[in-house]
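Enquirer: Dumping the structure here so I can ask a few things about it.
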Amino acid sequence: MELSSRLVLIGTVHGDPRGYARVLRLLERLRPEIVTVEISRFSVRYRQAWEQRWRRQLQKALAELPPGASGHPAIRRVAGQIILPFEYRAARDYSRQQCIRCLPLDLGGLSRRHLPQYGKELLSPANLRALLAHGEDSRDDPVAREFKRARWTMQNSAWRLPLQNSPETRRRESFISRRLQRLLRTPGRIVHVGGWEHLASWREREGFRSWLADQQPLVILADEADLSWEDQENL
């Protein structure tokens, strides 16, 4: 596929177990000069400082649960939640391989509120027992279902996400779009990696995609990494 856009937006499903490999594969195909990620600098630093302690706390809590609890889908999601998000790890590793910049682009308000609660709430034995109590159909693939919803949303131009009323969401998307616009003043391709819902248009035609419309970004969903470039042209 011949790519002309200098700005590419990769939409992910947070918690995708294949997400790291998918994002890395797309970056290797796109060969950007700068990679940005929907994560704050605060979140990166905080997670790096606490990840090992969270891992030990999870293992201690699992010792109080029935054998095999670690294989439950909900517990696996918790285990994925306490490590650096795959979006950032893939972007970081690619940038190190290619000696290019990897920039966290987000405000830290949500992280400052929620990350300190992981040890008290998310990883508590009571919470893990509650998650185990809710059975899940192993045949259901929530990540594939979410990508299907994302693709339907992107392809149906008459349908838009409801206006994201949260002032914080508006501030975050405005901040990231302004930073990307400034980065585009320099030569080379920029790839931004983030949750797909931030890449969909709002009903009132505001938000991230609308604010970047003049840059004519190319939007790719992360699961397209499973296809060849030729197959992607037919999506």
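Every number in this text was worked out from the coordinates using simple rules, so none of it is lab data. Owing to the predicted nature of the structure, the values given are computational and were not obtained by experimental measurement. Positions of Cβ are generated from backbone atoms using ideal geometry, with glycine treated the same way; all protein chains shown enter the neighbour counts.
Enquirer: Label E33 and A144 with points 7 Å out from Cα along Cα→Cβ: what is the distance between them in nm?
Expert: Between E33 and A144, the label points sit 4.0 nm apart.
Enquirer: Also: Would you work out the Kirkwood radius for the chain? I mean one over the mean of 1/r across all pairs of different Cα atoms, in Å.
Expert: It is 19.1 Å.
Enquirer: Moving to a separate point now. In whole Å, largest first, what are the principal axis extents of the Cα atoms in the stretch 1-139?
Expert: Over the stretch 1-139, Cα extents along the principal axes are 53, 35, 23 Å.
Enquirer: Treat each spin label as a single point 7 Å out from the Cα along the C-beta direction, and report the R77 to N127 distance in nm.
Expert: 1.3 nm
Enquirer: Considering only DSSP beta bridges whose two residues both sit in the chain, what percent are antiparallel, to the nearest 5? Walk me through the numbers on the way to the answer.
Expert: On the way: 0 of 19 bridges.
Antiparallel: roughly 0 percent of the beta bridges in the chain.
Enquirer: Moving on to the next point. Can you order the peptides 9-16, 29-36, 43-50 by their average number of other Cβ atoms within 10 Å per residue, highest first? Can you show the working numbers first?
Expert: Working: 9-16: 22.6, 29-36: 19.4, 43-50: 15.9.
Answer by packing, highest mean first, reads 9-16, 29-36, 43-50.
Enquirer: Explain nothing, just the number: relative contact order of the chain, from Cα pairs under 8 Å at least 6 residues apart, as a whole percent. Intermediate values should be presented prior to the final figure.
Expert: On the way: 308 pairs, mean separation 98.7, N = 235.
Relative contact order comes out at 42 percent.
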